Amino acid sequence: MDPTQSAHVKLLAADLLSLTARSAGAGVSRAGRTITRAEAVGVVVSRDRANKFLRFHVDDGSGCVPCILWLNHRQRPGSGGGPSYMDLTAEVAAEHAAAVRLGALVRVRGRVGVFRGSVQITVGDVVAERDANVEVLHWLQCVRLARLCYDVPAPARPRS
Amino acid sequence: MSSSTINPGILVALPELEPSSPFFKQGMSLRVTGKLQEYIVETAVAIIIDGGATLMIDTQNLRDLGFRIGSIYQFIGELLIQPENDAILKARVGRNVDGIDLNLYHQSVLLRRQFESDLMKLREA
């Protein structure tokens, strides 16, 4: 299996926002590779809290990545696990929401999807970064990984 | 709020912000970094310096950000060019980035620009 399908792919916003959608629910594609999860690092430049979700944008200088963090775990009967599991999940989501402050440097990881024609990240986890240098490290990793890995054609599937 | 309504703050170094620069445009969204040289409480204007160049920052929209002379700050906002090419950045967000390696930061910005330019050419091909 192509590793970019299961890993959190590190992408700059300009790269992420230019990805093309595959079929519904199948993620997006970059240079022929399927991408389902992504990681972005940048500054929170908008924050819109609703009852069931927190929508925010992360600006890394090349684009603003729309992110959505769901907060309605207690209200979703089909989300699996018992009540304590849902409480824990809701608690973690609330902690993540607290990290999303205007002007904060955050690292966001989650599923890549398309909403109203635009790529967005459905947040799995988000952390506030204290060290400003981690953003620079992320940029360099994005550039290096794109050139050495993501731009290289996916390995052919072995025949079973 | 859709992403189309928010322009990313283009990463620039203060010495690049001169009238002939492509970044020196009215209303352009920029991200700037520099050491706080002066802060005028009455007007909430901060003056930052980097590489010998200075820039005024209008911080009226920023709350919960303390200012300390000599600390390094980063701001994202829109450039307002006043008569006689005096520029001020109207900041939307700002943060203290003490500890940042500014040399590495500026070198990485140049690498990123090259990468983004290559990416754009690839997408257009």
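The values are calculated or read from the model by the stated rules, or taken from the named source; none is laboratory data. The model shown is predicted, which means the values in this text are computed figures rather than measured ones. Neighbour counts run over all protein chains shown; Cβ positions are idealised from the backbone, glycine included. SASA here: full protein model, heavy atoms, side chains in, ligands and nucleic acids out. Shrake-Rupley method; radii C 1.70, N 1.55, O 1.52, S 1.80 Å.
Can you work out the Karplus-derived ³J(HN,Hα) for every residue in the range B:46-55? Use 6.51 cos²θ - 1.76 cosθ + 1.60 with θ = phi - 60°, whole Hz, and x for glycine or proline.
Result, rounded to whole Hz: 9, 10, 10, 9, 7, x, x, 9, 10, 8.
Accessible area per residue for the protein assembly as shown in Å², computed with a 1.4 Å probe and the full protein assembly in place, what is it?
That works out to 52 Å² per residue.
Student exercise: in the protein assembly as shown, how many lysine pairs 8 or more apart or on different chains have Cα atoms under 29 Å apart?
6
Taking each residue of B:60-70 in turn, how many C-beta atoms of other protein chains fall within 10 Å of its C-beta, and what is the average?
The per-residue average across the peptide is 1.
Can you give the accessible area of B:LEU11 in Å² (nearest 10), computed on protein heavy atoms with a 1.4 Å probe?
10 Å²
Going by average Cβ neighbours within 10 Å, how do the peptides B:113-123, B:71-81, B:57-67 rank, with the highest at the top?
B:71-81, B:57-67, B:113-123
Extent of chain B along each principal axis, from alpha carbon coordinates, in Å, largest to smallest?
The Cα atoms of chain B stretch 52, 33, 30 Å along the principal axes, largest first.
Which order do B:ILE69, A:ILE35 take by accessible area at a 1.4 Å probe, largest first?
Sorted by accessible area, descending: B:ILE69, A:ILE35.
Using only atoms on other chains, find how many Cβ atoms lie within 10 Å of each Cβ of peptide A:39-48 and report the average.
Going residue by residue through A:39-48 and averaging, the value is 4.
Relative contact order, percent, of chain B when contacts are C-alpha pairs under 8 Å separated by at least 6 residues?
22 percent.
What does the structure give for A:56-69 when I average, per residue, the other chain Cβ atoms found within 10 Å of the residue Cβ?
5
Kirkwood Rh, Cα Rg: Rg to Rh for the protein assembly as shown?
1.00
If I model a spin label as a point 7 Å beyond the Cα along the Cα-Cβ vector, how far apart are those points for B:GLU42 and B:GLU18 in nm?
For B:GLU42 paired with B:GLU18, the spin-label model returns 3.3 nm.
With the full set of protein chains in place, find how many percent of the accessible area of the range B:10-99 is carbon and sulfur; take the probe as 1.4 Å.
C and S atoms contribute 51 percent here.
Taking square-rooted eigenvalues a ≥ b ≥ c of the alpha carbon gyration tensor, is the range B:1-73 rounded, prolate or oblate, where a/c under 1.5 means rounded and, failing that, a/b exceeding b/c means prolate?
In terms of gyration-tensor shape, oblate.
Solvent-accessible area of B:MET56, probe 1.4 Å, all protein chains present, reported in Å² to the nearest ten, please.
Here the residue's solvent-accessible area equals roughly 70 Å².
At most 16 other Cβ atoms within 10 Å and a DSSP loop assignment: could you name the GluC sites (Glu not before Pro) in the range B:1-47 that fit?
Loop-located and lightly packed - B:GLU42.
Heavy atoms of the protein only, probe of 1.4 Å, neighbouring chains included. What is the accessible area of B:GLU18 in Å², nearest 10?
Its accessible surface works out to 100 Å², give or take rounding.
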